[in-house]
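Q: Right, I'll just put the structure down here and ask away after.
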Amino acid sequence: MQSNLTPNASIPADYYWNQFGCSGANLAPKLTWEHAPKGTQSFAVTFYDKDAPTGSGFWHRVVYNIPSQINQLEGGVNGGILPVEAIEANTDLGKPGFFGPCPPKGREHRYVWTVHALDVAKLPIDANASPALVGFYLWQHRLAEANLTVLAGSK
C-alpha cells in the first residue's frame, strides 16, 4: 500500500479531526494498492486506533464492497469521495463517515490503515452494521491485507 503519509511517523496536523479539542482539517490520505491476490473480488479499507483507551481500540473509518477493479481511495476532506458501489459503515461514533485522529492527552497512539482483499464481491451486511460485525466478515473473507501505521499525539 502506498500513501502520502510516512509509515510509523507522526501525521501532519491537517489530518486531525476538528472536534474534541483537536483543530485539524479532517483529511484522509490518498491510499493506493496493487498486487491483489488471485481470487480478489472486492476490497475493504479500515482506519483503526489501536491505542484508544476503550479496551478494544476505536474504528475511525470502515469502507467495504469496493470493486476489485478499484485500486485507490483519493482521500481528502472528511474522507473524500468513495466509489459509487462502496459502503461506508458505522464508525465507533455510531454513524458512517470518516474522522481523523484526535487522541486524548498522553502518549502517542498508533493508527492503522488497512486494505483488505476479499474473496466476495459484497459482504452480506448492510450499511448500519457495527464496525465489529464488519470486522467479523472481513476476517472470514480476507485473502490478504496491507497495513500502514501512523502516529498521532494530542493536539
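Q: In debye, nearest 20: dipole of the chain around its Cα centre with unit charges on the Cβ of K, R (+) and D, E (-)? Could you put the intermediate results ahead of the total?
A: Working: 11 positive and 12 negative charges, 53 e Å.
The calculated dipole for the chain is roughly 260 debye.
Q: Using Cα atoms only, what is the angle between the long axis of helix 131-141 and the major principal axis of the chain, expressed in degrees (0 to 90) to the nearest 10?
A: It is inclined by approximately 40 degrees.
Q: Where does the chain land on Rg(C-alpha)/(2.2 N^0.38 Å)?
A: Here the Cα radius of gyration is 0.98 times the empirical estimate.
Q: Right, something else. For the stretch 35-94 and the stretch 1-16, compute the distance between their C-alpha centroids and round to whole Å.
A: The two parts, judged by their Cα centres, are 16 Å apart.
Q: Also, quick follow-up: Which of the aspartates and glutamates could a cross-linker bridge to Lys105, judged by Cα under 13 Å and excluding same-chain residues fewer than eight apart?
A: Answer for Lys105, where 13 Å is the Cα cut-off: Asp51, listed by chain and number.
Q: I would also like to ask the following. Report the one residue of Trp139, Gly106, Ala86 whose Cα lies farthest in the direction of the positive end of the charge dipole of the stretch 2-152 (charges on C-beta: Lys and Arg +1, Asp and Glu -1; origin at the Cα centre).
A: Toward the positive end, the furthest listed residue is Gly106.
Q: Moving to a separate point now. Taking every alpha carbon pair in the stretch 1-89, what does the distance histogram look like in 10 angstrom bins from 0, in percent?
A: All Cα pairs considered, the percentages come to 14, 44, 33, 8, 0.
Q: Just add up the charged neighbours of Leu31: K/R +1, D/E -1, any other residue whose Cβ is under 14 Å from the Cβ of Leu31.
A: Here the charged neighbours net out to -1.
Q: On to the next question. Please compute the net charge surrounding Ala127, taking Lys and Arg as +1 and Asp and Glu as -1 over other residues with Cβ under 11 Å from its Cβ.
A: Residues near Ala127 contribute -1 overall.
Readers should treat all values here as calculations from the given coordinates under stated rules, not as data from a laboratory. This structure is a prediction, so every number in the text was calculated from the model and none was measured. Here the Cβ is made from the backbone with ideal geometry for all residues, glycine too, and neighbour counts use every protein chain on show.
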